[in-house]
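> Next up is a structure, given as structure tokens.
The values are calculated or read from the model by the stated rules, or taken from the named source; none is laboratory data. The model shown is predicted, which means the values in this text are computed figures rather than measured ones. Here the Cβ positions follow ideal geometry from the backbone for every residue, glycine too, while neighbour counts run over all protein chains shown.
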Amino acid sequence: MSLSDIQNQIFQLSREITLSLDTPQSVKLQIKQINLLIKKLKALKKEVNLSITQINQQAAQSTPDSLVSVSLDLFGKRKLAGQMRASARKAIQAEKVSLRQPYIDTKETIDRIILEAEQLRLQAQEYLLHHSA
């Protein structure tokens, strides 16, 4: 699933998180709905984490050794070869960070929505505690 698909699903799920404290029976049903939405959001978060892991693995597999740095190493220019590899590592790291950032932002959005849903669930449980006795 693409990042935009995940973001669209998050937007739809966030719009479904509502709470109206009218009757205890209705509130119980709403708690079940909120719990289901939280589970869906956590599943989306797992997908985002999987994408981040894949980006990390791709960056770890890319090698900073280039043909130029290897040949410089062979001809005794170790310092220059090391500098070239270091700059290549920095470039790989910068690319990894830039690729991961949208996923990290999406993950933070999911966490924020889950927190809001859990706060609503707590409100509903407090309502039930005071109105079901």
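> Right, residue 107: buried (at least 16 other Cβ atoms within 10 Å of the Cβ), modelled with pLDDT of 95 or more and either farther than 30 Å from residue 46 by Cα or basic (Lys, Arg) (or both) or not?
Taking the combined requirement at face value, the residue satisfies it.
> Could you identify the single residue in 119, 101, 123, 93 that is farther than 28 Å from residue 38 by Cα and part of a helix (DSSP H, G or I)?
93
> Checking residue 57 against (1) touching a residue at least 12 places away in the same chain (Cβ under 8 Å); (2) within 24 Å of residue 110 (Cβ to Cβ): exactly one of these is not met. Which one?
The one condition residue 57 does not meet is (1).
> Still on this structure, I have one more. Restricting attention to region 41-53, does a residue exist that is under 30 Å from residue 92 (Cα atoms), charged (D, E, K, R) and surrounded by 15 or more Cβ atoms within 10 Å (Cβ to Cβ)?
yes
> In region 1-25, how many residues are within 19 Å of residue 119 (Cα to Cα), surrounded by 12 or more Cβ atoms within 10 Å (Cβ to Cβ) and of a type in the set (S, T, N, Q)?
Selection size over region 1-25: 1.
> Turning to a different aspect of this structure: For region 1-44, what are the residues that are in contact (Cβ under 8 Å) with a residue 24 or more places away in the chain and among the small types (Gly, Ala, Ser)?
14
> If you don't mind, another one. With the requirement that a residue be more than 22 Å from residue 12 (Cα to Cα) and in contact (Cβ under 8 Å) with a residue 24 or more places away in the chain, what does region 92-122 give you?
Result: 92, 93, 95, 96, 99, 100.
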